[in-house]
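The values are calculated or read from the model by the stated rules, or taken from the named source; none is laboratory data. Here the structure is a predicted model, which means the values were calculated and not measured. Cβ sites come from the backbone with ideal geometry, for glycine too, and all protein chains shown count toward neighbours.
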Amino acid sequence: MIRCLSCTTAVALGLSAPVAWADVTPEEVWQSWQGLATAAGQDLTFDDATQTGDSLVVSGLVLTYTDTLGGSFSASMDRLTFTDNGDGTVSVTMADSYPMTLAFPDDGEGPTALKLTVTQPGTVVTAGGSATETNYAVVAPQVSITLDEGTGPGGQPLETEADLMLTDMTASYVVLTKGEATTLDSTFAAKGMALSLSGKGLDGGGEGTVTLSLADLAGSTKGNFLGVEIMENMAEALNAGFMTQSSLSFGAMTLNVDVVEATGPVKLAGSLTGGSFDLTLDKTKTAYSTGVTGGAFTASGPEIPFPEVAVSFAESAVSFLMPVSKSDQPQDFSMVTKLVDLTVSEDIWALVDPAAILSRGPASFVLDVSGTGYWDQDIMDPAVQKDGAQPPGKLISLTLREVLAKAVGVEVGATGALTFDNDDLVTFDGVPAPSGSVSITIKGANGLIDNLIDMGLLPADEALMPRMMLGLLARPGAGADELTSVIEFKDGGFYANGQKLK
């Protein structure tokens, strides 16, 4: 749903950037709208476009879009008016509300169709620029989307009410047309967003409410969009110049879920201090990142064996960068995943450690790696086979920038760098032979073993084996209960602190 809305908002609302206006006519602005819809893979039809004085009046406008999974979107406007302001700009006016329909493949679970109403009273849209580079600006005190009707699997009516509202919204975009390509550069901001849902489940067995609020939304989209036919093959589209870059950020978030099931009430409450999302796709790479900060969530329900579960964290994030096109030269890649300062409520701890022997300190998990490699094939080409016996690319180097696991009083960290010989697939049983080293630091391992013995989870005689392994693979570090180890790959062998293991 969000994807469909983002695709069509530019056409339906005329979001644009305030710039120094050049001369543009109503007819040119209307042509720009049609070009943008076509570039986005949408179908735009209308009954009539009539010049009336200084205005061009378009009637019976219908915008539709169908994705590759069988979902579809449509919006219709009875009347759309482009008025020449006499200063080189054009005002765009439309009804305060218009209908929208979304349809989804019937998977037997979720909704199959939604009928919505978009309401935007007081919206002011201005267009300027030229026929080939048109600029739009919008100020909307309030934009809301209301669910009028929904159906589930087999045409079952949904007993659901839903409303999404954006307040104090400003937006902008610039559309540049050059041949078959359309370039879009857009931004938007909103003081707040509020979503409310209420109703019964598809099986009629439960009912409840969901509310979500976000503050200080901001986003941008840049892209170079090509014709629909070439976009069907992403590899060809990328090589022909297709690119897109999008970002979204928000401030404080609150979430409340209150549902009554047959077994009893279920409640979930949560908050974040902020979050962000970024995506870039072009011929050289795809880059994706998302993260949230300041998370705090509580949950209760009949399946939870105590009154309430509480979880909090300082940061959670995932990101990756990788090449997407065929090459014979090494290209950069990276991946980061992290969960920082995770804490859980004492009730959860009491299930596994009622005597409070283990450390309750915040847990953290970080994996931050980078490297170089390349694809032997265009992995974005639908015709390319990616599941064959041979991998579709080669790994050249790998750097462990940070590997961290910290919990229950133990902290394990690692850094290092490796290179790989793709001509040697024998030494390490089909894996390109590595060269390089990894440094590992372990803190609190012996203390954890002692704690597990005290808890009765590890017999004292069986603790000898892990202590011996630590002694063989690691050496004492600078601090108390600290061990270090250097793992090396060299001369076709595998070494730990200079001792050959393979």
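Scanning the stretch 81-125 for residues that are farther than 15 Å from Asp54 by Cβ and crowded, with 19+ Cβ neighbours inside 10 Å yields Met94, Tyr98, Met100, Leu102, Pro111, Thr112, Leu114, Leu116, Val118, Gln120, Thr123, Val125. Entry remark, the stretch 166-217: residues being at pLDDT 85 or above, over 27 Å from the mean Cα position of the chain (by Cα) and among the acidic types (Asp, Glu) number 1 in total. Checked against the criterion of being closer than 22 Å to Glu28 by Cα and polar (S, T, N, Q), the candidates Thr112, Thr146, Thr93 yield just one match: Thr93. The single condition from (1) assigned to a helix (DSSP H, G or I); (2) in contact with a strand residue (DSSP E or B) (Cβ under 6 Å, 6 or more places away or on another chain) that Ala350 fails is (2). Here Ser246 clears all of (1) touching a Lys or Arg at 6+ places or on another chain (Cβ under 7 Å); (2) assigned to a strand (DSSP E or B) except the condition numbered (1). Examine the stretch 302-313 for a residue that is within 16 Å of Leu248 (Cα to Cα), in contact with a strand residue (DSSP E or B) (Cβ under 9 Å, 6 or more places away or on another chain) and in a strand (DSSP E or B), and state whether such a residue exists. Within the stretch 302-313, none of the residues are within 16 Å of Leu248 (Cα to Cα), in contact with a strand residue (DSSP E or B) (Cβ under 9 Å, 6 or more places away or on another chain) and in a strand (DSSP E or B). Inclusion of Ser220 among residues that are at pLDDT 95 or above and closer than 18 Å to Lys267 by Cβ is not warranted. Scanning the stretch 56-83 for residues that are part of a strand (DSSP E or B) and touching a residue at least 60 places away in the same chain (Cβ under 8 Å) turns up Tyr65, Phe73, Ala75, Met77. Restricting attention to the stretch 259-310 and to residues that are among the charged types (D, E, K, R) and over 26 Å from the mean Cα position of the chain (by Cα), the residue that is farthest from Lys191 (Cα to Cα) turns out to be Glu303.
Please work out if Thr372 is among the hydroxyl-bearing types (Ser, Thr, Tyr), buried (at least 17 other Cβ atoms within 10 Å of the Cβ), without any contact (Cβ under 8 Å) to a residue 60 or more places away in the chain and not assigned by TED's automatic domain parsing to the domain that holds Thr441. When the stated conditions are applied, Thr372 passes them. Is there a residue being within 20 Å of Leu248 (Cα to Cα) and buried (at least 17 other Cβ atoms within 10 Å of the Cβ) anywhere in the stretch 335-342? Within the stretch 335-342, one or more residues are within 20 Å of Leu248 (Cα to Cα) and buried (at least 17 other Cβ atoms within 10 Å of the Cβ). Please verify whether Ala363 is modelled with pLDDT of 95 or more, crowded, with 17+ Cβ neighbours inside 10 Å and either assigned by TED's automatic domain parsing to the domain that holds Lys443 or closer than 25 Å to Ile453 by Cβ (or both), treating the condition exactly as stated. The answer is yes for Ala363. Restricted to the stretch 17-56, and to residues there that are of a type in the set (Phe, Trp, Tyr) and at pLDDT 90 or above, the residue that is surrounded by the most Cβ atoms within 10 Å (Cβ to Cβ) is Trp30.
Among the numbered conditions (1) surrounded by 18 or more Cβ atoms within 10 Å (Cβ to Cβ); (2) assigned by TED's automatic domain parsing to the domain that holds Asn446; (3) touching a residue at least 40 places away in the same chain (Cβ under 8 Å), the only one that Ile396 does not meet is (2).
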